[in-house]
Amino acid sequence: MTMEQATRVVPAGWYQDPANAGNVRWWNGITWTDHVEAKPTGEQAAAASALALEARAMERQHGITTAENDIIMSAATGDVPSGHPRTGTIAIAGSPHRMAPTGTASAWLLGLTPLIGLVLTVVAAYVFFYVTPTPLVAAVVVVLYALGFMLAVGDSRTLEARGHHTASPMWALALPVIGPLLYLVNRRLKAPGSKPLIAFLVLLVVAAGIPLAGVATGSAATMTKALEVQQAVRADLVGTGAATSVTCPPILESIAAGTVFTCDAVLPDGNTVHVWVSFDNEQGQFSWALANR
């Protein structure tokens with residue numbers, strides 16, 4: 001049998017190992033390789049039987065006899081040094097081997113990192129301006145660092161257990177948000193599967209586009225001015241003990257001179273009163289007054 005016949009008869013794939021019926025060995029279309037794995041069972045075994053029958057039919061079509069095949073199979077089980085591929089053989093029985101999936105829950109959570117970062121930032125800003133101006137809100141950066149690294153470690157270990165090449169989880173420690181992106185890029189270079197990376201890029205564009213859209217439409221100025229008012233009024237009232245909390249609108253309809261709106265202040269006795277706020281000029285300067293009961 002010529003090498004050309006062998007290539008025509010059986011294409012590259014996983015087939016029963018001639019040296020061990022309990023394993024499958026990779027046939028590269030020309031010769032055996034040293035890649036061996038445990039033999040699949042169940043439906044894959046049924047598919048293997050069908051493949052074997054098809055291979056027999058192809059043998060008859062190309063004039064390869066069973067006797068010839070027996071000689072080939074005998075040669076495959078001869079004394080060949082370990083680690084060297086067997087040559088001159090042809091695989092006719094066994095089953096195809098399916099590559100283990102690369103999708104993991106950790107990878108998908110890494111893909112959601114821009115959204116997670118946006119949500120944590122909003123929560124931290126709310127706590128700082130509306131609850132208490134504590135520097136502990138900066139811990140959101142630490143949380144993103146730790147979360148990205150732990151997810152990268154979990155994903156890397158899962159891929160390694162499935163037999164795939166893995167990227168180093170240390171990529172996730174480069175920068176908050178950017179670190180997970182670097183890990184996902186290197187992950188794609190090592191193993192197939194781009195969906196988590198694509199999800200990350202899409203959400204990154206969306207997360208970055210929200211503030212840019214605010215600047216373009218002018219709503220960013222009304223939001224930042226609202227936070228400035230909230231911080232100033234709260235510092236005056238809560239800081240002096242005149243109120244226990246202050247809540248101003250997070251977005252203002254206008255910051256033009258003469259604009260008036262109200263905030264709510266909770267007094268020490270539990271009653272809620274309005275705080276009148278007005279913009280005094282086009283530069284955004286404002287004044288406020290606690291409403292009479």
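Values for this structure:
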quantity: Sole exception among (1) part of a helix (DSSP H, G or I); (2) open to solvent by 90 Å² or more (accessible area, probe 1.4 Å); (3) in contact (Cβ under 8 Å) with a residue 24 or more places away in the chain; (4) over 28 Å from LEU252 (Cβ atoms) for ARG157, by number; calculated: (3)
quantity: Filter pass, VAL137 being in a helix (DSSP H, G or I) and open to solvent by 40 Å² or more (accessible area, probe 1.4 Å); calculated: no
quantity: Filtered residues of the range 251-293 (kept if open to solvent by 50 Å² or more (accessible area, probe 1.4 Å), closer than 21 Å to PRO133 by Cα and without any contact (Cβ under 8 Å) to a residue 40 or more places away in the chain); calculated: ILE251, ASP264, PRO268
quantity: Single condition ALA125 does not satisfy, out of (1) touching a residue at least 60 places away in the same chain (Cβ under 8 Å); (2) within 17 Å of the chain's Cα centre (by Cα); (3) open to solvent by 30 Å² or more (accessible area, probe 1.4 Å); calculated: (2)
quantity: Residue count, the range 26-38 (criterion: buried (at least 18 other Cβ atoms within 10 Å of the Cβ), more than 18 Å from ALA100 (Cβ to Cβ) and under 36 Å from the mean Cα position of the chain (by Cα)); calculated: 1
quantity: Within the range 194-244, tally of residues that are part of a loop (DSSP other than H, G, I, E, B), closer than 30 Å to THR272 by Cβ and either of a type in the set (Lys, Arg) or in contact with a Lys or Arg (Cβ under 9 Å, 6 or more places away or on another chain) (or both); calculated: 1
quantity: One residue from ALA167, ALA146, ALA152 being buried (at least 19 other Cβ atoms within 10 Å of the Cβ) and under 20 Å from ALA207 (Cβ atoms); calculated: ALA152
quantity: Filtered residues of the range 170-185 (kept if surrounded by fewer than 20 Cβ atoms within 10 Å (Cβ to Cβ) and part of a helix (DSSP H, G or I)); calculated: MET170, LEU173, ILE178, LEU182, VAL185
quantity: GLY148 vs. criteria at pLDDT below 90 and within 12 Å of the chain's Cα centre (by Cα); calculated: no
quantity: Failed criterion for LEU237 (all others in (1) more than 18 Å from ALA124 (Cα to Cα); (2) open to solvent by 30 Å² or more (accessible area, probe 1.4 Å); (3) out of contact with any Asp or Glu (no Cβ under 8 Å at 6 or more places or on another chain) hold); calculated: (2)
quantity: When residues of the range 186-214 are limited to those that are under 14 Å from the mean Cα position of the chain (by Cα), open to solvent by 50 Å² or more (accessible area, probe 1.4 Å) and over 14 Å from THR113 (Cα atoms), the one modelled with the highest pLDDT; calculated: ARG188
quantity: Qualifying position, being under 43 Å from the mean Cα position of the chain (by Cα), more than 30 Å from VAL177 (Cα to Cα) and part of a loop (DSSP other than H, G, I, E, B), among GLU253, GLU282; calculated: GLU253
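The values are calculated or read from the model by the stated rules, or taken from the named source; none is laboratory data. In this text, all values refer to a predicted model and were calculated from it rather than measured experimentally. Note: ideal-geometry Cβ built from the backbone for every residue, glycine included; neighbour counts use all protein chains shown. These area figures cover heavy atoms from the full protein model, side chains too; ligands, DNA and RNA do not enter into them. Shrake-Rupley method; radii C 1.70, N 1.55, O 1.52, S 1.80 Å.
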